[in-house]
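To keep things clear, I will list the structure first and then write my remarks on it.
The values are calculated or read from the model by the stated rules, or taken from the named source; none is laboratory data. Remember, predicted model here, so these are calculated numbers, not experimental data. Note: ideal-geometry Cβ built from the backbone for every residue, glycine included; neighbour counts use all protein chains shown.
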Amino acid sequence: MSSVPVLIRLLASSVSVANRAGKIVRDVMSKGELGIVEKGKDDYQTEADRSAQRCIIASLSAQYPKINIIGEEDGNQIQDSNEYLVMDSDQEILAINCPESLKGVEEKDIVVWVDPLDGTAEYTQGFLEHVTVLIGISVNERPVAGVIHQPYYKNVVGSDKIIGRTIWGLQEVGVGGFTLAPPPDSLVITTTRSHSNAIVENALQVMNAKQILRVGGAGYKVLQLLEGKASIYVFASPGCKKWDTCGPEAILSAAGGKLTDILGNHYKYGASESRPNKTGVLAAVYEDLHSYALSRIPQELKDELAK
Ligand code: AMP
Ligand code: MG
Ligand code: MG
């Protein structure tokens, strides 16, 4: 077991704990006591966000004490979280051959970004398919592996109905948990449904798209790119944070895609980086679609966000 490199073990643990967090998200909803707290303007937290984060952080820090784990929600004391401890590891991930470049990575080199529930606005409004659990693993400030779990995805395997699925990605290895599909024939944009403003709309208009999909969550939008439902993800606003993009960016780039800010620069995921992705999000499953989108954004808009 200990001969398996830490990065692989961590990804395998992240897949298992994301599944459990997804069950917590469903359980809170079916109990019906959401315990909504307003953190800021258009920014909410529920009991599901809090409990799912406790589960993920308690479980990962118990197994990897030297890793720096940063979660979205404040005030998540780890005591009394034993009921949530998940020590399982996904066996398929454990069997992966670790890329040479990641074999020597140690716990102290890793920063994990956790969004226990991405798409909280949609969760409270009943758009449950948009909800995801995000775990992003970064090394040397770059996202190298990630997990997107969809607690409400409906899957039929043979005669069994299975709820929830877990998508993963690892640099130099690839992606799993779903079927990668090419982008649609005509340009389809995916963007926010609950955090728009004039600049966000301006950046959408310049793209000359056939269709604009407005859905919740950074995780769900990146999934739409990976599954061929949308061509580009455009969000010209500072609202997303590092925990929204670390996992999705790792998976998208493991699939050959690219996620940057609106200026075309990569975000850094070191522990001391500021949380907000101040200069927005621009992502695509192919490099040339990303370049196209970048070339359409007017300089004034880039300047406005970079101010
Ligand atoms: P959206 O695409 O609006 O669903 O947002 C993706 C992620 O960024 C979610 O975690 C949102 O909570 C966060 N986000 C985006 N815009 C804002 C905002 N204006 N205020 C707070 N959070 C935001
Ligand atoms: Mg989020
Ligand atoms: Mg969240």
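Numbers for the structure displayed
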read-out: Long-range neighbours under 6 Å by Cβ, at least six apart or interchain, first residue over 21 Å from THR166 (Cβ atoms) within region 238-260, second part of a helix (DSSP H, G or I) and among the charged types (D, E, K, R); value: LYS258/GLU287
read-out: Region 92-121 - residue that is under 13 Å from GLY247 (Cα atoms) and in contact with a helix residue (DSSP H, G or I) (Cβ under 6 Å, 6 or more places away or on another chain) and, of those, farthest from ligand 3 (Cβ to nearest atom); value: TRP113
read-out: Some residue of region 222-235 being in contact with a helix residue (DSSP H, G or I) (Cβ under 6 Å, 6 or more places away or on another chain) and within 16 Å of ligand 2 (Cβ to nearest atom); value: yes
read-out: Answer residue from region 238-253, given it is small (Gly, Ala, Ser) and within 16 Å of ligand 3 (Cβ to nearest atom) and is nearest to ARG142 (Cα to Cα) among those; value: GLY247
read-out: Answer residue from region 193-207, given it is away from ligand 2 (no atom under 16 Å from the Cβ) and in contact with a helix residue (DSSP H, G or I) (Cβ under 7 Å, 6 or more places away or on another chain) and is farthest from VAL114 (Cα to Cα) among those; value: VAL206
read-out: Residues of region 177-192 that turn out to be out of contact with any helix residue (DSSP H, G or I) (no Cβ under 7 Å at 6 or more places or on another chain) and either in a strand (DSSP E or B) or within 16 Å of ligand 2 (Cβ to nearest atom) (or both), as a count; value: 1
read-out: Residues of region 87-139 satisfying the condition of being among the aliphatic types (A, V, I, L, M), assigned to a loop (DSSP other than H, G, I, E, B) and closer than 23 Å to ALA271 by Cβ; value: VAL105
read-out: Odd one out for ALA271 among (1) closer than 25 Å to ARG165 by Cβ; (2) surrounded by fewer than 16 Cβ atoms within 10 Å (Cβ to Cβ); value: (1)
read-out: Identity of the residue in region 208-221, of a type in the set (Gly, Ala, Ser) and within 15 Å of ligand 2 (Cβ to nearest atom), that ends up nearest to the chain's Cα centre (by Cα); value: GLY219
read-out: Filter pass, LYS39 being charged (D, E, K, R), outside any loop (DSSP other than H, G, I, E, B) and within 16 Å of ligand 1 (Cβ to nearest atom); value: yes
read-out: Residue within region 140-151 that is surrounded by fewer than 19 Cβ atoms within 10 Å (Cβ to Cβ), away from ligand 2 (no atom under 16 Å from the Cβ) and outside any loop (DSSP other than H, G, I, E, B) present; value: yes
read-out: Tally, over region 280-307, of residues that are of a type outside the set (Gly, Ala, Ser) and over 13 Å from ASN202 (Cβ atoms); value: 11
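Here is a yes/no grid of residues against (1) modelled with pLDDT under 95; (2) surrounded by fewer than 17 Cβ atoms within 10 Å (Cβ to Cβ):
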residue	(1), (2)
GLY158	yes, yes
TRP168	no, no
THR191	no, no
ASN197	no, yes
GLU201	no, yes
GLY228	no, yes
